[in-house]
Amino acid sequence: MKTLTKTLLFVLLLASPVVAWSQDADRDREELQMAAVEALITAPPERALPLATKVLKGNYSDDIKESALFVLSQIDRREAQDLILETARSGDGDLRFEAIRMIGISGKGDALTQLTSLYDADDEDVREAVLEAFLIAGDKESVYQLAVNAATEDEFEDAVDTLGAMGARAQLQRLREARGVSEAYIDALIISGDAETLLEIAQDGSNEDNQVQAIEALGIVGGHDEKLVDIYRNAGSDDIREAALDGMLISGYDDGVLELYRSSTDAAEKKELLEQLVIMDSDEVWSIIDSALDGGL
Amino acid sequence: MNDETLLLYHYAELPDEEARAIRHALADDASLAARYRRLCDDLDAIADAPAPPLAPDRLARFQATIDRAAKLEHGRRPAPRSRVHFLSFLLGTAVTAAVAIGIGLATRQDVPVAPAGVPVAMIAEPAPSAASPFTRSLQVYFRESQLGLQDLPDTGNGERTQMIRDLIAQNRLFAKLAMENDAPQLARVLRAFEPILARLANEDISAEESAALREKLEFELNVMLTKVTREASQTARNTEQET
């Protein structure tokens with residue numbers, strides 16, 4: 001048994017440098033291959049294409065293949081696009097998602113059209129990869145189509161978020177007409193910074209839940225702080241009033257809270273507004289308290 | 001006399017006549033005066049106390065709002081930082097800015113610095129004088145982004161997140177400038193960097209994943225730097241031949 005242990009240890013000792021050497025050699029080879037792929041960008045397309053094809057179809061690591069895809073995305077040839085598209089259709093795992101990203105980078109109209117056929121509403125990873133590719137390509141209309149035809153809430157949310165990130169205000173406007181207002185829609189308005197549409201929803205009393213969310217969202221986006229004071233004053237419910245107050249808190253609009261405090265004649269409301277000013281760490285709060293204690297304001 | 005009236009008196013919200021009557025009552029009635037002092041003490045306590053704890057439902061709403069704000073932060077251009085201070089003033093004046101960056105960069109002595117892993121020939125190759133200010137600024141941007149990625153700590157902390165936000169801000173700026181300079185292909189590549197940077201900004205990212213994403217970005221930045229430099233050289237040669 002002892003002999004066996006010694007033998008095993010000896011073999012292990014012998015093998016360690018070999019393993020280390022082998023790992024070093026693998027790393028060196030990978031680095032060399034990566035440099036070779038990078039150099040393809042300097043080659044004329046007719047030379048670069050067959051070499052990139054060889055990498056994509058050959059026995060190389062996914063990292064090397066992904067790098068080859070990026071170089072291909074920079075080659076303005078139909079064959080390069082076809083190769084990317086083929087990988088997007090039939091590639092495995094991450095390589096497939098990378099190919100989808102490259103279609104967005106290449107931005108070619110026909111390839112972008114193919115992206116829609118790759119879209120799989122039931123596969124979250126594919127869904128997000130395709131939306132990201134449209135975002136990269138700046139193709140707002142395709143994302144709009146995916147949003148307007150979304151069958152599930154998750155699918156709609158991903159698409160509408162992407163529209164928000166793209167600043168696609170015209171498409172978001174149309175989407176409101178087609179699918180109405182929802183929390184996800186309001187989030188997209190926040191992302192796109194569309195204060196005007198948020199104000200419209202904030203002043204529309206037809207759905208109080210949407211109204212409350214839009215009022216708070218106005219506080220995040222900013223630009224209409226003084227309107228929050230009007231909304232507070234004209235509020236038809238405590239929820240709306242509280243949302244307006246929250247909006248002012250979020251936007252740091254202590255001038256508005258101060259204005260409400262000064263104009264209020266309701267003791268309980270004054271107390272609440274004073275608390276709000278304390279939470280907001282308003283510069284004015286101490287002078288108000290001081291002045292109130294002195295019997296003036 | 002109820003507390004509410006005393007509060008209104010306290011906040012000087014009562015008509016003069018009523019206020020005068022209460023003032024007299026307080027002077028004449030010791031128990032009322034004591035009650036009023038307690039009320040004032042309570043108001044003082046509000047002022048002295050830390051912010052009152054929020055009700056759970058209000059807290060939940062704030063949390064939802066903060067989440068929304070975080071989304072906005074993700075979607076909106078973060079404020080430019082001063083790491084590459086000459087970029088800061090460019091916001092909002094994109095076209096003029098392209099020229100301004102070029103002029104700013106042309107006068108800088110410490111740029112470019114060769115980052116590790118960048119082919120020597122590429123660094124040694126000076127930006128052709130015929131290159132547009134936008135192209136020259138872009139070359140420096142690619143190099144500085146590589147440096148920024150190399151400086152990035154492996155694991156999540158505030159400084160790391162801020163560094164990535166700076167990179168994202170600069171990247172968005174150049175994507176916008178690329179569109180202004182009629183380079184949509186370049187704009188798409190720059191837009192493609194952002195999701196990777198956003199993934200890198202995730203504070204829960206593992207060191208291994210972070211390293212893989214950085215390598216990927218460095219590779220793509222390198223390829224773009226090579227491409228832009230070659231195209232600028234080609235343009236310079238063509239201009240020379242024409243003259």
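The values are calculated or read from the model by the stated rules, or taken from the named source; none is laboratory data. Note that the structure is a prediction, hence the values are computed from the model and not measured. Quick reminder, even Gly has a Cβ in these numbers, built from the backbone with ideal geometry, and neighbours come from all protein chains shown.
A few notes on this one:
- Failed item in (1) closer than 28 Å to residue A:206 by Cβ; (2) among the hydroxyl-bearing types (Ser, Thr, Tyr); (3) buried (at least 17 other Cβ atoms within 10 Å of the Cβ), with residue A:237 passing the rest: (3)
- Residues located in region A:105-131, provided they are buried (at least 21 other Cβ atoms within 10 Å of the Cβ), within 11 Å of another protein chain (Cβ to nearest Cβ) and under 18 Å from the mean Cα position of the chain (by Cα): A:105, A:129, A:131
- Listed by position, the helices (runs of 4 or more DSSP H) inside region A:134-248 whose residues that are closer than 30 Å to residue B:190 by Cβ and among the aliphatic types (A, V, I, L, M) number at least 3 are A:140-148, A:153-165, A:169-179, A:183-192, A:208-221.
- Test: residue in region A:276-284 that is within 12 Å of chain B (Cβ to nearest Cβ) and either closer than 18 Å to residue A:210 by Cβ or touching a Ser or Thr at 6+ places or on another chain (Cβ under 7 Å) (or both): no
- Residue under evaluation residue A:257, criteria (1) under 19 Å from residue A:176 (Cα atoms); (2) touching a helix residue (DSSP H, G or I) at 6+ places or on another chain (Cβ under 8 Å), criterion not met: (1)
- Any hit, region B:18-41, residues being exposed (fewer than 12 other Cβ atoms within 10 Å of the Cβ), modelled with pLDDT under 80 and part of a loop (DSSP other than H, G, I, E, B): no
- Failed criterion for residue A:286 (all others in (1) closer than 30 Å to residue B:39 by Cβ; (2) aromatic (Phe, Trp, Tyr); (3) crowded, with 19+ Cβ neighbours inside 10 Å hold): (3)
- Against the list (1) away from chain B (no Cβ under 14 Å); (2) among the small types (Gly, Ala, Ser); (3) free of Cβ contacts under 8 Å to residues at least 12 places away in the same chain, the condition residue A:151 fails is (3).
- Members of region A:187-221 found to be at the interface with chain B (Cβ under 8 Å from one of its Cβ atoms), of a type in the set (Val, Ile, Thr) and surrounded by fewer than 22 Cβ atoms within 10 Å (Cβ to Cβ), listed by number: none
- Failed item, numbered, when residue B:211 is tested on (1) buried (at least 16 other Cβ atoms within 10 Å of the Cβ); (2) out of contact with any Gly (no Cβ under 8 Å at 6 or more places or on another chain); (3) farther than 19 Å from residue B:169 by Cα: (1)
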